[in-house]
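Undergrad: Just passing along the structure, written as structure tokens.
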């Protein structure tokens, strides 16, 4: 029996290499792994909204599921929780089984990520962006300084490691943050929330609890698995082996 494919999508500003420390643990356990670069990161021209990210994720899922009839665990980090929640319309494993189709998304895994419901927007109510998100209005991008990246994204790594990873960040299309959610995949697909208790970005305990509790008010079975670890925002680096175990459980293993 073939193991499900793990599809990894990085968050805003981050290159796909952010998952490099994680993938050997999954591969060694017999899991096919695919990492999808976030289309709106370092895009030229920058994207006006999150639709390009939605299309990119959905196109990859279409290839894996419709063409190759594979089961997939979809892993979403940070901002990518928005397009990743929007993309899998009709691609859940149970939905496809009911339609007599093979393959599908077995589970969504949100890693320090947005987990929005329909109608959610980051700009609703005139909310302002944090000061560390530096807007270049002429170029239509947000950037993060290396010092802020070290402090916010990589605070659970050594200074040397954090500096090296901070240098890999790329400009992020600003328009994606104006998008409005129209579909919530966690209503239809089993979902896991992974939280690092030392996250210094938006994803503190209060924010994580808001997303999970709101989802459960709408769909009581939402986020039936919540995994917590003493780590920061990019725990796929600092807790790679631990996260691999989470993803293997998400795929159906008993560990």
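Undergrad: What does the extension gain come out to for residue 49 and residue 161, with contour length at 0.36 nm per residue minus their alpha carbon separation?
TA: Working: separation 112, 0.36 × 112 = 40.32 nm, distance 3.22 nm.
37.1 nm is the gain from fully extending residue 49 to residue 161.
Undergrad: Still on this structure: Could you give the angle, 0 to 90 degrees to the nearest 10, between helix 205-218's Cα long axis and the longest principal axis of the Cα atoms of the chain?
TA: So the helix axis and the longest Cα principal axis differ by about 40 degrees.
Undergrad: Here's another thing I want to ask about it. Can you give the angle from 0 to 90° between the axis of helix 240-250 and the longest principal axis of the chain, with both taken from C-alpha atoms, to the nearest 10?
TA: 40
Undergrad: So if the hydrodynamic radius of the stretch 43-124 is defined as the Kirkwood radius over C-alpha pairs, what does Stokes-Einstein give as its diffusion coefficient at 20 °C and 1.002 mPa s, in µm² per second?
TA: Estimated diffusion coefficient is 160 µm²/s.
Undergrad: Can you give the helix-only mean residue ellipticity at 222 nm for the chain, where every DSSP H stretch with n ≥ 4 adds -39500 (n - 2.57) and the sum goes over all residues, rounded to the nearest 500 deg cm²/dmol?
TA: Values: 9 runs with 74 residues, N = 255.
Calculated mean residue ellipticity at 222 nm is -8000 deg cm²/dmol.
Undergrad: Rounded, prolate or oblate: which fits the stretch 5-250, taking a ≥ b ≥ c as square roots of the Cα gyration tensor eigenvalues, rounded meaning a/c under 1.5, else prolate when a/b beats b/c?
TA: Values: a/c = 1.44, a/b = 1.25, b/c = 1.15.
It is rounded, given that a/c, with a ≥ b ≥ c, falls under 1.5.
Undergrad: Test of understanding: what is the full-extension gain from residue 209 to residue 228, defined as 0.36 nm times their sequence separation minus their Cα-Cα distance?
TA: Length difference between fully extended and current span is 5.6 nm.
Undergrad: Oh, and also: Roughly what would the spin-label model give for residue 219 and residue 180, points 7 Å off Cα along C-beta, in nm?
TA: 2.1
Undergrad: While we're looking at this one, here's another question. Return the distance in nm (one decimal) between the two label points of a simple spin-label model at residue 29 and residue 67, each offset 7 Å from Cα along Cα→Cβ.
TA: 2.8
Undergrad: Can you tell me what share of the DSSP beta bridges in the chain is antiparallel? A percent to the nearest 5 is fine. Spell out each step's value before the answer.
TA: Values: 7 of 32 bridges.
Percentage antiparallel, nearest 5: 20.
Undergrad: If you don't mind, another one. Compute the helix-to-body angle for 51-62: its Cα long axis versus the longest principal axis of the chain, expressed 0 to 90° and rounded to tens.
TA: 30
Undergrad: Could I ask something else about it? Taking 35 Å as R0, compute the FRET efficiency from the Cβ-Cβ separation of residue 134 and residue 187 and round it to 0.05.
TA: On the way: r = 35 Å, r/R0 = 1.00.
For residue 134 and residue 187, the calculated efficiency is 0.50.
Undergrad: Over what distance in Å are the Cα centres of the stretch 179-208 and the stretch 32-56 separated?
TA: Computed from Cα coordinates, the inter-centre distance equals 19 Å.
Undergrad: Order of 205-217, 77-89 by packing, highest average Cβ count within 10 Å first? Intermediate results must be reported in sequence, preceding the final value.
TA: Details: 205-217: 15.2, 77-89: 25.9.
Packing proxy ranking, top to bottom: 77-89, 205-217.
Readers should treat all values here as calculations from the given coordinates under stated rules, not as data from a laboratory. The structure presented is a predicted model; accordingly, all values stated were derived computationally and were not measured. With ideal geometry, Cβ positions are generated from the backbone for all residues, glycine too; neighbour counts draw on all protein chains shown.
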